[in-house]
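J.: Below are the structure tokens for one structure; questions will follow.
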Amino acid sequence: MAKKAAGGPKRVTMTDVARRAGVSQPTVSFVLNDRRDVAVAEETRRRVLQAAAELDFVPNRAAQLLRSNRSFTIGVVTSGIVSQPYAGLIVLGLQQVVQPAGYVCMVVDTTGDPGQGDDAVASLVAQGVAAIVYASLSPKPLHRSPRLDGIRTIFVNCWPEEGHADTVLLADEYAGGRAAAASVFERGHRDVAFLGGMRDDFACQERRRGFDDAAREAGLRPADLVHRYGNYQIGNGYDLATEVVTEHRSTALVCGNDRMAIGALLALHSLGLNCPDDVSIVGFDDQPDVADQVRPGLTTAALPHLMLGRRAGQLVLTAPEDAPSREIVPCTLIERDSVGTPSPARPTSTPPGGRRRRNSK
């Protein structure tokens, strides 16, 4: 009696695909490795891809790497995002695009230490990578390792302090800030306060610029509106909201992020006020499990972290000469229930004969 073959089912090879498609094995290799420098008829290419799909052919990436000296690994160097679930969407989006193409991501978080980042990059380069993607929790300049000469680099939500990057991808913080502010100006609010993050923070500056332009479009002078700066934390949002609502009678608060907006909601509760009947609140980020879970649901400008990651993945798979040097990804306004019309019980303009105190710190 013949013995059964040991082991599992036989691995499908390029020879099997060639036999099914009725072509030579080199032709299969040219098609499956996307060798556009070799002329292959479109009908032949279609037959090869169909045969590979029918046989459930899985490329041997290790063998391909040895033959072509091509890497299927992408190094991801992050600064503070691995512990932040919503910013971690950048890495998720990148993986969603490159993994179906046979690539894997190796993620290293540098905790903001340039030396540690250089060591991490050196290790990734030594193992062979197709590209390095830098990603940051918040938009800011990052140290670019000097060991990356000749290796494609893409910066996501950040930009290099020095040197060259193939592409820089940023969220449109300005347009997001403008849309957030417009959502209250368009409802008739005129006593509106901007509660930003740190004054020297890039995102805060861009959102403030968008806020001011939205005010001008509403026929207001930005200098006549309240501008306050904080630290993006809940407690800080609470303190700033308490001040501007009690001292300046603000009827709408445009907050630096969702955490500050949560603090503002708590402040209204402690003052015996209601959102949005008494005061409207807008956030920024659309932080998962936060903005949509509070009551009322928070109107907010969504940071496109997932889309930034997906776009980075698309660029990794694109020829460098076809990639832009800089690309801005839109922030979408998510409208929920925290914005209403001004309450008639609260003044919405300077009292007759009165004068607003100068209110920009």
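J.: How much accessible area does S138 have with a 1.4 Å probe, in Å² rounded to the nearest 10?
T.: 40
J.: Once Lys and Arg get +1 and Asp and Glu get -1 on their Cβ, which of T78, L273, L32 lies farthest toward the positive end of the dipole of the chain?
T.: Going by the Cα projections, it comes out as L32.
J.: About the Cα centre of region 110-197, what is the dipole size in debye to 20, counting +1 per Lys and Arg Cβ and -1 per Asp and Glu Cβ, all else neutral?
T.: 260
J.: Here's a follow-up. Using only the heavy atoms of the protein chains and a 1.4 Å probe, how would M198, M14, M307 rank by accessible area, largest first?
T.: Largest accessible area first, the residues go M307, M198, M14.
J.: Further, regarding this structure: How big is the charge dipole of region 222-305 about its Cα centre, in debye rounded to the nearest 20, if each Lys and Arg gets +1 on its Cβ and each Asp and Glu gets -1 on its Cβ?
T.: With only Lys, Arg, Asp and Glu charged at Cβ, the dipole is about 80 debye.
J.: Another question, then. Can you tell me the accessible area per residue over the chain, all protein chains present, probe 1.4 angstrom, in square angstrom?
T.: Roughly 49 Å² per residue, with all protein chains present.
J.: Around D109, which amide H atoms from residues at least 5 apart in sequence, or from another chain, sit under 5 Å from its own amide H, with H modelled in the peptide plane?
T.: T78
J.: Given H placed on each backbone N at 1.01 Å, which residues far from I334 in sequence or on other chains put an amide H within less than 5 Å of it?
T.: Close amide H contacts, sequence-distant or interchain: T300, A301, A302.
J.: Further question: When the helix-only estimate is applied to the chain (DSSP H runs of n ≥ 4, each -39,500 (n - 2.57), divided by the residue count), what is the mean residue ellipticity at 222 nm, nearest 500 deg cm²/dmol?
T.: -11000 deg cm²/dmol
J.: Taking all protein chains together and a probe of 1.4 Å, list R259, R20 from the most accessible to the least accessible.
T.: Ranking R259, R20 by accessible area, largest first, yields R20, R259.
J.: Something else: When only alpha-carbon atoms count, how far does the chain stretch along each of its three principal axes, as whole angstroms with the largest first?
T.: Cα extents, longest axis first: 101, 44, 41 Å.
J.: About the Cα centre of region 169-219, what is the dipole size in debye to 20, counting +1 per Lys and Arg Cβ and -1 per Asp and Glu Cβ, all else neutral?
T.: Here region 169-219 has a charge dipole of around 160 debye.
The values are calculated or read from the model by the stated rules, or taken from the named source; none is laboratory data. These numbers come from a predicted model, not from an experiment. Cβ sites come from the backbone with ideal geometry, for glycine too, and all protein chains shown count toward neighbours. Surface accessibility is based on the protein's heavy atoms, side chains included, excluding ligands, DNA and RNA. Shrake-Rupley method; radii C 1.70, N 1.55, O 1.52, S 1.80 Å.
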